[in-house]
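Have a look at the structure below, then the notes.
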Amino acid sequence: MTPRPPARPTLRLSAFVPFRLNRLADAVSEHLAAIYRGGSALEVAEWRIVATVGQERRCTAQFIAASTRMHKTRVSRAIAQLLARGLLERTASPRDRRALQLRLTAAGRRLYAQLVPLALAREEALLGCLSPSERRAFLAALARLESHLQLRRSD
């Protein structure tokens, strides 16, 4: 009797956690996009920049790229769009006049104030399918994975 060759490992994509996380992230992003694509006609990168700058009050493009994990080219293009739309402005850094920081204009702050409650309500609706203990466990697991991957939190 000839010995059987060892079984090769197989990957069931539908059960592969990295695939599932990516798929979930895409679905969540689309779920949220209805808010900022509607009346404000923002793209994903533009929304992330408005949300980041609105939270920080002012920050650099490098900070946005690092905290959102978007490529610097994508960040740069989105910043250009927001500048052109009058939602964002560049200012000199108070610490280093050569460095440029970004901040929301009055129109950008109004948009941020309008979108944040809608985004938070969307988040609550999404997490509403989880019991309080499931929600705590999910958020703890998410934080643990972020820490394990050394993801920088922007808050």
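Points to keep in mind about this one:
- Test: residue in segment 89-96 that is surrounded by 11 or more Cβ atoms within 10 Å (Cβ to Cβ), at negative phi and touching a helix residue (DSSP H, G or I) at 6+ places or on another chain (Cβ under 9 Å): yes
- Screening segment 110-155 for residues that are exposed (fewer than 13 other Cβ atoms within 10 Å of the Cβ) and of a type in the set (K, R) and picking the one that is modelled with the lowest pLDDT gives R153.
- Verdict on R37 being basic (K, R) and surrounded by 17 or more Cβ atoms within 10 Å (Cβ to Cβ): no
- Counted residues, segment 87-105 - those being hydroxyl-bearing (S, T, Y) and not in a strand (DSSP E or B): 2
- In segment 88-109, residue modelled with the lowest pLDDT [restricted to those that are farther than 25 Å from A34 by Cβ and either touching a His at 6+ places or on another chain (Cβ under 7 Å) or of a type in the set (A, V, I, L, M) (or both)]: A99
- Subset of segment 32-87 (residues that are at pLDDT 90 or above, farther than 22 Å from E146 by Cα, touching a helix residue (DSSP H, G or I) at 6+ places or on another chain (Cβ under 7 Å) and of a type in the set (S, T, Y)): S76
- Test: R109 is assigned to a helix (DSSP H, G or I) and free of Cβ contacts under 8 Å to residues at least 24 places away in the same chain: no
The values are calculated or read from the model by the stated rules, or taken from the named source; none is laboratory data. Since the model is a prediction, treat every value here as computed from it, not as a measurement. So basically every Cβ, Gly included, is an ideal-geometry build from the backbone, and we count neighbours across all protein chains shown.
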